[in-house]
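A short worksheet on the structure shown next.
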Amino acid sequence: MNADPLKADVVVDRSAVLAPVHRRLFGSFVEHMGRCVYGGVFEPGHPTADDRGFRGDVLDLTRELGVSVVRYPGGNFVSSYRWEDGVGPVAERPTRLNLAWRCLETNEFGLNEFIEWCRAANVEPMMTVNLGTRGVQEACDLLEYCNYPSGTYLSDLRRKHGYAEPHRIKLWCLGNEMDGPWQVGQKTPLEYARLAAETAKAMRIIDPTIELVAVGSSNSDMPTFGEWEATLLEHAYDQIDYVSLHHYFDPGDQSRGDFLASGVVMDRFIDAVVATADHIGAKLRKRKKIQLSFDEWNVWYVSRFTEPTDREWIDLPPLIEDDFTADDAVVVGDLMITLLRHADRVTVANQAQLVNVIAPIRTLPGGPAWRQSIFHPFAITSRLAKGSVLDVRPRGPVYATDRHGDVPVLSAVATCDPDSDEVVVFAVNRAEQPVELNLALLAGDGYVHAEHVTLTGGRDAVNTPEQPDRVSPRRLDTSPMDGGRAVIELPAVSWNALRFTPHEKG
Ligand code: AHR
């Protein structure tokens, strides 16, 4: 390995505002899958649990993570779920088969528990309706139960269940991954497009203030990718606000260099969906722009996962409890940079999932909760990215990858908080050697480099209950700054947050 630093440049112009930093970009996802709900957010009897069974240590870490919005209850789970099973007296709730994950669902935790948990975590709920085994009527029933004030059968049922005020859920997803052969109730593009349009139309009659997310492709390699989005938008352009994107990045099935280029894959996927949406918008003579909801994204060792097709139905099988390395955290940080760089169109994003299932937070039954490596870039980005996203175009060398062609070594974005004038640059060095970053902050006289946090460390170590902080960010010395210019070294394969403050506020 060559130890000489590569050189790259970033020019930060505080007037080059791309979009606001939408808080909904810091979303997460809680599915009835593995130990995300049971043993994750909900564990009655745990030493930190409250009288509702909500684990206090998980709530604390969720707040520390800086999560803004949480999608629920699935995921694949939702496509055969009856929401009515999860409301009313717990003792009367049925145990059902969870078809998505081949286990038993006791329904001890349901809709109202989720809403209470969201209030405790200070996050916005994002609700998914079942368009796999169910349809327009059940989606309308769920919305009426949640959002209609009173005086109808379902709104009064909610009141009888102890919730006099409507839940006022704003964000609704019209099903989940309906293009996937693994989905219960998979649809063709046309079947889904018509169902989404009719469901959206009916839901808006009940509550015109809701925002609706229609299902896009499960990833950009799906055979129907492109056709799916185009067909959907031809039929439902007026009825929906967002089209969704999902993508998981597998460190186990590709070279290190290819994996570190995951941000580029996400970038191209977003560009393609924007192009499709705008093409259909142009054809239909629409002024409205469709927004993107990247409502499942993360690193996932998919190649280690075997579908639970032939095992016994057991209560709570732990599923995909991946342990994450520093490289995984670098990629997660890079994916967040990519989402911010597209904040003009991507206005909702949810890391999948919150607890235990490919998650930043892990728990042991009756035991501790700890932060995985990927917790840190998420938490720091959510805390520091404020105000506006700036249009930053990094310049620097590229490296060759097997799958994605030549990929830039440096990935970066900047934000600027108009209240404090603080500028934060988030930067990933994808190269296996340091990068010397020449940073120029235009009209930056008097600015100082106040903080440099980095996360690096390769692919060997992970955090465990015994060593929960083994892979953690560390502070590096800041660099002198003169006339808005600084030279900052980014370690090999690292994620970095660089904070710059006007001198007097440093
Ligand atoms: O997050 C795990 C699963 O991945 C979700 O249930 C599904 O939507 C996706 O395929």
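Overview of values
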quantity: Percent RCO, i.e. relative contact order, over region 356-468, from Cα pairs under 8 Å lying at least 6 residues apart; calculated: 23 percent
quantity: Packing-based exposure ordering (other Cβ within 10 Å, fewest first) of LEU339, LEU18; calculated: LEU18, LEU339
quantity: Cβ-based charge dipole, the chain, positive-most Cα from TRP228, LEU384, PRO365; calculated: TRP228
quantity: Assigned charges on the beta-carbon of Lys, Arg, Asp, Glu; the chain dipole about Cα centre (debye); calculated: 1000 debye
quantity: Acute angle (nearest 10 degrees) that the helix 111-121 long axis makes with the longest principal axis of the chain, alpha-carbon atoms; calculated: 30 degrees
quantity: Region 5-85 - percent relative contact order, Cα under 8 Å, separation 6 or more; calculated: 33 percent
quantity: Cα-centre dipole for region 40-159 with unit charges at Cβ (Lys and Arg positive, Asp and Glu negative), debye to 20; calculated: 280 debye
quantity: Relative exposure of ILE320, ILE240, ILE488, judged by other C-beta atoms within 10 Å (fewest first); calculated: ILE320, ILE488, ILE240
quantity: Relative contact order of the chain, defined on C-alpha pairs under 8 angstrom at six or more residues apart (%); calculated: 20 percent
quantity: Unit charges at the beta carbon, dipole of region 238-340: most positive-side option, ALA329, GLY252, PHE269; calculated: PHE269
quantity: Extension gain from LYS170 to GLU108, taking 0.36 nm per residue of separation minus the Cα-Cα distance; calculated: 19.9 nm
quantity: Residue-averaged [θ]222 nm for the chain, counting only DSSP H segments that reach four residues, each worth -39500 (n - 2.57); calculated: -7500 deg cm²/dmol
quantity: Over 30 Å (Cα to Cα) - which of LYS160/LYS187; LYS160/LYS201; LYS187/LYS289; LYS7/LYS289; LYS160/LYS288; LYS187/LYS283 fall in this group; calculated: LYS160/LYS187; LYS7/LYS289; LYS160/LYS288
quantity: Using alpha-carbon coordinates, inclination of helix 326-341 to the longest axis of the chain, degrees; calculated: 80 degrees
quantity: Burial ordering of SER479, SER262, SER80, SER150, fewest other beta-carbon atoms within 10 Å first; calculated: SER150, SER479, SER80, SER262
quantity: Selected from GLY56, PRO491, ASN147, residue furthest toward positive end of dipole (the chain; charges at beta carbon); calculated: ASN147
quantity: With Cα atoms, 0 to 90° folded angle of helix 189-206 axis to the chain main axis; calculated: 80 degrees
quantity: For region 256-371, size of Cβ-based charge dipole, Lys and Arg +1, Asp and Glu -1, in debye; calculated: 960 debye
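Read the figures in this text as sums done on the coordinates, not as results from a lab. Source: prediction; values computed, not measured. Here the Cβ is made from the backbone with ideal geometry for all residues, glycine too, and neighbour counts use every protein chain on show.
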